[in-house]
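The values are calculated or read from the model by the stated rules, or taken from the named source; none is laboratory data. The shown structure was predicted, so the numbers you read here are calculated from the model rather than taken from an experiment. All Cβ positions, even for glycine, are placed from backbone atoms using ideal geometry, and neighbour counts span all protein chains on display. What goes into the accessible areas is simple: the full protein's heavy atoms, side chains included, and nothing from ligands, DNA or RNA. Shrake-Rupley method; radii C 1.70, N 1.55, O 1.52, S 1.80 Å.
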Amino acid sequence: MYQKKFFLWIIPFTFISVMSSAQDFDIYPRLQDDKIKTPGINANMTADEFSLLSRNIRMMDMPYSLIVPGYIHFKAKDNTVGYTLLGLRVAGYTGLAINAYRLTIFDKRAENMITGKGNLKQDRNLFITSSILILGSWLFDWIHGKYRLEKKQELIRYKYGIKLQLEKSQINYSQKNYVPSLMLTYKF
C-alpha cells in the first residue's frame with residue numbers, strides 16, 4: 001500500500017522535473033541579444049575579447065558564486081579580484097572552523113555564544129566577522145562581477161565600433177575615376 005502511494009506522488013514530480021528547466025531560469029528571459037547588431041569579427045579582436053562579448057551573467061551563476069568563491073570575477077576574466085575574494089572567503093570559513101573547534105573544546109553550545117553566556121564574547125565576534133566576510137564576499141562577487149563584465153563588454157564594443165566607423169569613412173578616392181559631367185534627357 002505504501003509503495004502505491006509513493007509511486008502516485010513520485011511519478012508526477014518526475015514528469016514535472018523532466019519538463020521544467022529549473023537548472024537555468026530567468027526572471028526576464030532574453031529572446032534577442034538586446035538588439036545589438038555586431039558586425040563580423042574584427043581582424044584585430046583577440047580570442048579573450050570575443051569570449052568576453054559572448055558571456056552573460058545569469059541567475060544560475062548566483063548559486064555557483066556561492067559555492068565557488070570569485071566565480072563571477074573569474075568568468076569576467078578579472079582574476080586578481082577573483083583570487084582576493086577566494087582568500088577572503090577561505091578566511092571566513094577558517095574563522096567559522098576555529099569557532100566550532102573552540103566551542104567543542106570548551107564544551108559549550110552555539111546558543112551560549114549568541115546569548116553571551118560563559119565568557120564567549122570573542123567567539124561571538126569571530127562568528128559575526130566570519131559570517132560578514134563570507135556573505136560580503138559573495139554579494140561583492142555577484143554585484144561587482146556583473147558590473148565588471150558589462151563594463152568590459154561595453155569597452156570592447158566601443159573600441160571595435162569606432163574602428164568599424166573609421167574603416168567605412170576612409171574611402172580611397174584614387175581608385176575611382178570621377179569625371180564631372182552633365183546629362184540632359186528630353187522625352188516626347
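Residues that are open to solvent by less than 90 Å² (accessible area, probe 1.4 Å) and either at pLDDT below 70 or in contact with a helix residue (DSSP H, G or I) (Cβ under 6 Å, 6 or more places away or on another chain) (or both) within region 157-166 comprise 163, 164, listed in sequence order.
So that you can scan it fast, the table gives a plain yes or no per residue for (1) at pLDDT 70 or above; (2) assigned to a helix (DSSP H, G or I); (3) surrounded by 18 or more Cβ atoms within 10 Å (Cβ to Cβ):
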{"residue": "122", "(1), (2), (3)": "yes, yes, no"}
{"residue": "134", "(1), (2), (3)": "yes, yes, yes"}
{"residue": "141", "(1), (2), (3)": "yes, yes, yes"}
{"residue": "155", "(1), (2), (3)": "yes, yes, no"}
{"residue": "168", "(1), (2), (3)": "no, yes, no"}
{"residue": "177", "(1), (2), (3)": "no, no, no"}
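For region 31-48, does any single residue satisfy the condition of being at pLDDT 70 or above, more than 25 Å from residue 146 (Cα to Cα) and open to solvent by 60 Å² or more (accessible area, probe 1.4 Å)? Yes, the conditions are met somewhere in region 31-48. For residue 95, the test of being modelled with pLDDT of 80 or more and touching a Phe, Trp or Tyr at 6+ places or on another chain (Cβ under 7 Å) is failed.
Residues in region 91-120 that are hydrophobic (A, V, I, L, M, F, W, C), open to solvent by 100 Å² or more (accessible area, probe 1.4 Å) and either over 18 Å from residue 135 (Cβ atoms) or in contact with a strand residue (DSSP E or B) (Cβ under 9 Å, 6 or more places away or on another chain) (or both): 106 alone.
Is at least one residue of region 60-80 part of a helix (DSSP H, G or I), in contact (Cβ under 8 Å) with a residue 12 or more places away in the chain, more than 30 Å from residue 156 (Cβ to Cβ) and open to solvent by 70 Å² or more (accessible area, probe 1.4 Å)? Looking for residues that are part of a helix (DSSP H, G or I), in contact (Cβ under 8 Å) with a residue 12 or more places away in the chain, more than 30 Å from residue 156 (Cβ to Cβ) and open to solvent by 70 Å² or more (accessible area, probe 1.4 Å), one finds none in region 60-80, hence no. Test residue 104 against the criterion of being under 30 Å from residue 157 (Cβ atoms) and assigned to a helix (DSSP H, G or I), and give yes or no. No: the conditions fail for residue 104. Return yes or no: is residue 151 part of a helix (DSSP H, G or I), of a type outside the set (Val, Ile, Thr) and surrounded by fewer than 14 Cβ atoms within 10 Å (Cβ to Cβ)? Against the criterion (part of a helix (DSSP H, G or I), of a type outside the set (Val, Ile, Thr) and surrounded by fewer than 14 Cβ atoms within 10 Å (Cβ to Cβ)), residue 151 qualifies.
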